[in-house]
Structure formats: C-alpha cells, structure tokens
Amino acid sequence: MILSIRKYPDPVLQQPGEPVTEFDKTLRSFIGDMFETMYAAQGIGLAAPQVGVSKRITVIDLSGGKDPEQRLVLVNPEIVERSGRLYDEEGCLSFPEIREKVVRAATVKVRAQDEHGKWFEAEGEELLSRCMQHEIDHLDGILFIFRISGLKRDLALRKIRKLQRAGEW
Ligand code: NI
C-alpha cells in the first residue's frame, strides 16, 4: 500500500520518533509499505515520520528497487562511528523541488535492528553514508534544511511559501 508522504511543515516531521519494541507482522507489513511508497516517489530513503508514523524506522535503497541486495531496513538505528567530511547536494521527499548542499560525515557505521529485531552493523560511504545520516536525522526530528546556513534556509523557506501560495506544495 502506498502511504501519503508528509511535507514540511507537518509537525510530525520535527518530532523525535519512539523506539520500536514489537517486531511483529504489523511492523513488517508497514516496512513493506514504506519501500513501496519510497519506490513510487522515486526516493532512495524514507523515514517513518515522513508517512506520519513517529517511530524509529527507516528504509534505504540506493538502487531504487532494481537490486534487492541494496534494500536496507534500519530499526532503532544509532550512528556508532563517523569519519571524514563531504559537502554535497541532497534532497528530501518531504521537500519536493528543494535541493541543498549539506555537510555530512564521509563514512559512518550504524548499529540497528532489522525487521525481525536482530541487531547488526552496517557501514556506509559517500551517498549511502549521506543517506543514512539524513534518514537517522529524520528519526530525531531533524530536517536537512536545519543543517544549512540561516541565509540559505530563509531562501528555501521563501521558495516553499511561494509554492504553497501557488497551491503547488
Ligand atoms: Ni528526507
């Protein structure tokens, strides 16, 4: 089932997600819906708060559904190591048409649970690292627009207000 993606400034996007404690069929079916929703929107990452569910769940697939090996489910994820710095453009399904350059760690190691509750570690470099950091930020209620300079943020927010007035947001 394709879920509806919440756009900024929906308050759920700025609220920290609750840890997941039940690893049941309902969770797995919700995760399936998250992948379906992300693929339909042509995204590479999606966090539960973006579909209105304030829980610490995110899905990532840099292949956009082409390579099943790249499907990554991170439940209750934490970044345990980070190194280097990368400054590159990123976007967000909750901010259509907005792309901004954000500083991120070049490499991260994440500890998370899978859809069955099993703990594992995953490393990400470059785009995967960026995506992991962006999605884990969502679970803390942090949006990428708050990781850029105030001046750039004001410009982006002005653009959003303009799109809202035109009924295009
Ligand atoms: Ni996002």
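Working note: Karplus 6.51/-1.76/1.60 with θ = phi - 60° gives the stretch 72-78 the couplings 10, 10, 10, 10, 6, x, 9 Hz, where Gly and Pro are set to x. Short-range pairs are left out: with C-alpha atoms under 8 Å and at least six residues apart, the relative contact order of the stretch 11-165 is 24 percent. Specify the residue with the greatest mean-square fluctuation among Val20, Val51, Val110, computed from a Gaussian network of the chain linking alpha-carbon atoms under 10 Å apart. Answer for the Gaussian network model of the chain: Val20.
Database remark: amide H of Lys101 closer than 5 angstrom to the amide H of Glu90 (H placed geometrically; neighbours at sequence offset of 5 or more, or on other chains; Pro and chain starts carry no H). In a fully extended conformation the segment linking Lys101 and Leu127 would gain 8.1 nm over its present Cα-Cα distance, using 0.36 nm per residue. Rounded is the label for the stretch 13-97, because the ratio a/c of its alpha-carbon gyration tensor axes (a ≥ b ≥ c) stays below 1.5. For Val53, Val75, Val80, the sequence from fewest to most other C-beta atoms within 10 Å is Val80, Val53, Val75. When the Gaussian network model of the chain links Cα atoms closer than 10 Å, the mean-square fluctuations of Gln15, Gln50, Gln42 top out at Gln42.
So if I take the centroid of the Cα atoms in the stretch 110-130 and the same for the stretch 8-22, what is the distance between those two points in Å? A separation of 19 Å, based on Cα centres. The calculated FRET efficiency for Arg111 paired with Gln42, based on their beta-carbon distance and R0 = 35 Å, is about 0.75. Full extension of the chain between Ser83 and Val12 gives 22.6 nm of extra length, using 0.36 nm per residue less the Cα-Cα distance. Of the GluC sites (Glu not before Pro) in the stretch 3-103, the ones in a loop by DSSP (not H, G, I, E or B) with at most 10 other beta carbons within 10 Å are Glu22.
Close amide H pairs (under 5 Å, H built 1.01 Å from N) link Gly17 with Asp140, Gly141, residues at least 5 positions away or on another chain.
Shape class of the stretch 11-165 from the alpha-carbon gyration tensor: prolate, with a/c at 1.5 or above and a/b greater than b/c. Full extension of the segment from Leu151 to Gln164, taken as 0.36 nm per residue of separation minus the current Cα-Cα distance, would add 2.7 nm. Within the listed set Pro19, Pro49, Pro77, the residue fluctuating most in the Gaussian network model of the chain (springs between alpha-carbon atoms under 10 angstrom) is Pro19. A simple rule links phi to the HN-Hα coupling: the Karplus curve 6.51 cos²θ - 1.76 cosθ + 1.60 with θ = phi - 60°, which for the stretch 120-135 gives 8, 10, 9, 10, x, 10, 6, 4, 5, 4, 4, 5, 4, 5, 4, 5 Hz, with x for Gly and Pro. Among the trypsin sites (Lys or Arg not before Pro) in the stretch 1-76, those placed in a DSSP loop whose Cβ has at most 13 other Cβ atoms within 10 Å are Lys66.
Quick note: the coordinates plus some simple rules give every number you see, no bench work behind them. Small disclaimer: the values here were computed from a predicted structure and weren't measured. Cβ atoms come from the backbone with ideal geometry, glycine included; neighbour counts cover every protein chain shown.
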